[in-house]
């Protein structure tokens, strides 16, 4: 029976995979309409394979085809084939990555990949771990810094401790707010530094804010440099923040969830991540620009070997970690982690890395930058479109130009929603200086200049149609 | 090319699936030996499919066959087929569950399953979410309680707040220690209540400890009832702790990672989880006893609708959550969560639930209990084995009896390791009252009484061999 179902799924997936590139995006439906089609209320417990496969077919046909070139809704899209194969293999083998005994191959591959990344980033005596995503990685880096700056906090908690202040670009990802909340540090103690005209943290204002904090008797413990802000794609100046770190002695974390993988390209590293090797921690997602299947994140920490274990370990674990050694990379990766059972993310990372290598990934990212430049030119050349802010790297923040009589924010939101509701194109939005913008990013390696032309054609065409109706 | 690789993988997996039941556990190798076989240092970037498939074959042949009946190393083993198929489908479709737009089917399925579980548990006006595991769920429940008990903590942090004290069974899972550390509450403020002879929190000691805390001017905010302690499998008395809650007004959380799914069986619910519907929060893993593919966890909260959003939300999220509504279950599940990108765990839960239903899952769990009773009898009847503590539910804590001249802890650890190193059987260990025990739990639905006979035969045989050498 097992073989029969696997055969049936294989057939179905092969058909789906074959069509994936050619088929349009799934038709976008409102929740209530889709619910009716799915028939989720059907009675359970029939052990009926036909029903199972019916749902699988519905799942595949009503979930957006993220490999389609018309999907640009998030910061990831098509996954690489080695990583998809790896996900299928790990699901079939079924183990978790917390102990060497249960997952020996995955453990060796994860340690190997962490070692490779530490070496390439240039973190000496560092350590790393794969987390459940960048939100988790940002929180964990902040937690390591919190426990380093406040002696005794692990045992006694934050009661009676000095106040810690963290600093981020006002455009930083919301997971840094969440981290302050989770860790008991309080949202008000996250200082958001205004950005300059290029979307980077204003260094003079950062220093001023740091000085005020010290004057107040609080502790400056954590500054996050965002490498690729979510909306604008700006890269905070690592070099300038490092100068401040040497003066004020905080932990400099680099949130490279989006733009971090650019370090794999020599030229882009110099341009965007210069002096990365001198920072204190660095996180980046392999599942965004590099295109590895979701979720695939790594958090690296410079120097300070052993900090994960000293920060994270707690409680009695002898039922699970049998015979751990005192090495820096322990026998069981779970000993490093805030999780107990851990998904196996290392096989997909390892297979993808071996297949494409640093060169393959950096070629891809360099190409994305070229395409972003090409898209920028189209916007600048169009009489219907405006670039709302300067392109800093990979992100294009633009919108359809409207006459003064029309609310531009509302118009562009509707334009974007119409494209989605008509299943023409899925593209994200964002807000810059209270202006709603279309955030266009390319993360599909199959995208060509022709596809970009096509996107803007569709966008302008829909915009003009809407405008005609309104005028 | 894509189709070709998918075909190749399908063939390989079908062969593997076919053999899975018949093949022995993978040969257990030490890290250095396995490293040599894996050749992880091979140069990358060749874009060579043969190498990729070579590693996939190595992965499959050197990772323990967790579906094999000789794998009883963790609290999960063989995954159900509907859930494995679902994992393969979600990997192929490639999306994440944070927004309705990117994952409409997964979002509807997750909301549906949360609703079903709330209804079955009996949580009125409650809400739920799927997390990255029980460690994460325990932390999130505690965070909700922390932010509820301390007004202003989200904004201002724990500085100047009253001290919160949490209470757990001394045998509770280490993730509760971790949660105190993460949340800034301090490990010392987790009070570990000694257990009675049955492994349950001693209620008189719990009350005494609560009273002392109040006398000290600290706040009693969180008591965790463990439903199925990790090593002994004891279930704290929910009913008795509820009496204390009514008196002292704390948050009563139930950590049912291991034994929680027993609520799906009428008789087992009455026996182990009576009055569950009156508690404040409840978490349980579908990937342990129910056998859904890793990771599959749910955290439910009673009453207090909206608490996830008020506890978790922070920062600017308008770039991702377009047009969220003010419903209790928002359009985008990410708005509830501490994660940004979220894996899709709902398809596997949904398909498995529809296939087996509450009845299918509870039959399985009731059968595990029968098998545990059967195994208990074998231990009691054997002159070579001793039950170190009374069986409370699904866990068997036993060991090989050794003469006084031999260190029993060391002997049993070696016995267990020998079984592993000879790839005969993978079974876990634990520590009870400083005594090392073999922790035997059954989570493979194919296990029969005959297989249990066989396990103990192998265990006794290896033990006797070792004893002969020593005497």
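Position residue B:7: other-copy label points at 1.7 nm, ordered by increasing distance, label point 7 Å along Cα→C-beta.
Taking every Cα-Cα distance in the range A:2-65 and sorting them into 5 Å bins starting at zero, the pair-distance distribution P(r) comes out as 4, 14, 23, 21, 19, 14, 5, 1 percent. Taken over the alpha carbons of the range B:262-394 as equal point scatterers, the Debye sum produces base-10 log I(q)/I(0) values at 0.12, 0.13, 0.14 Å⁻¹ of -0.68, -0.76, -0.84. Peptides B:451-459, A:124-132, B:198-206, ordered by how many other C-beta atoms sit within 10 Å of their residues on average, highest first, read A:124-132, B:198-206, B:451-459.
If you wrap the range A:90-353's Cα atoms in a convex hull and average its projection over all directions, what's the area in nm²? List each step's numbers first, then the result.
On the way: hull surface 55.4 nm².
About 13.8 nm², averaged over all directions.
Plainly put, the range A:130-251 has a radius of gyration that is 0.95 times its Kirkwood radius, both from alpha-carbon atoms, as the Rg/Rh ratio. The share of alpha-carbon pairs in the range B:5-142 lying farther apart than 22 Å comes to 60%. Per residue of peptide A:79-87, the mean number of Cβ atoms on other chains within 10 Å of the residue Cβ is 6.
Over chain B, Cα pairs under 8 Å with separation of 6+ residues give a relative contact order of 20 percent. Set against the 2.2 N^0.38 Å expectation for a compact globular protein, the range B:358-470 has a Cα radius of gyration ratio of 1.08. Could you calculate the FRET efficiency of residue A:11 with residue B:4 from 1/(1 + (r/R0)^6), where r is the beta carbon distance between them and R0 is 22 Å, rounded to 0.05? Once the sixth-power term is evaluated, E becomes 0.90.
Counting only DSSP beta bridges with both residues in the range B:248-373, what percent are antiparallel, rounded to the nearest 5? Present the calculation step by step, with values, prior to reporting the outcome.
Working: 5 of 9 bridges.
Antiparallel: roughly 55 percent of the beta bridges in the range B:248-373.
Where chain A is carried onto chain B by rotation, the Cβ closest to that axis, with its residue and distance in Å, is A:184, 1. Residue order for A:383, A:227, fewest other beta carbons within 10 angstrom first, comes to A:383, A:227.
Take each residue in A:338-347, count the other chain C-beta atoms within 10 Å of its C-beta, and the mean is 6.
The Cα center of the range A:139-194 and the Cα center of the range A:62-94 differ in position by 34 Å.
Counting other Cβ atoms within 10 Å as a rough exposure proxy, the listed residues B:251, B:49 run B:49, B:251 from fewest neighbours to most. Across the identical copies, the 7 Å label point of residue A:42, projected outward along Cα→Cβ, sits 4.3 nm from its counterparts, in ascending order. Considering only the protein assembly as shown, what is the antiparallel percent among its DSSP beta bridges, to the nearest 5? Close to 50 percent. Diagonalising the gyration tensor over the Cα atoms of chain A and scaling each eigenvalue by 5 before taking the square root yields semi-axes of 37, 33, 21 Å, largest first.
With bins 10 Å wide beginning at 0, the percent of Cα pairs of the range B:323-407 falling in each bin runs 14, 22, 19, 19, 15, 9, 2, 0. Within 10 Å of the Cβ of each residue in B:131-138, the mean number of Cβ atoms contributed by other protein chains is 4.
The value of relative contact order for the range A:90-353, using C-alpha pairs under 8 Å at least six residues apart, is 28 percent.
For the protein assembly as shown, report the % of Cα-Cα distances exceeding 51 Å. Intermediate results must be reported in sequence, preceding the final value.
Details: 67533 of 443211 pairs.
Here the tail beyond 51 Å accounts for 15 percent of pairs.
Each residue, residue B:196 and residue A:205, gets one label point 7 Å from its Cα in the Cβ direction; the gap between the two is 6.2 nm. The other copies place their residue A:215 label points at 4.9 nm from this one, listed shortest first, where each point is 7 Å from Cα along Cα→Cβ.
Between residue A:405 and residue A:41, the modelled labels are 4.7 nm apart [label points 7 Å from Cα along Cα→Cβ].
Where a number appears in this text, it was derived from the coordinates with a stated rule and is not lab data. As the structure is a computational prediction, the values presented were derived from the model and not from experiment. We place every Cβ from the backbone using ideal geometry, glycine too, and count neighbours over all the protein chains shown.
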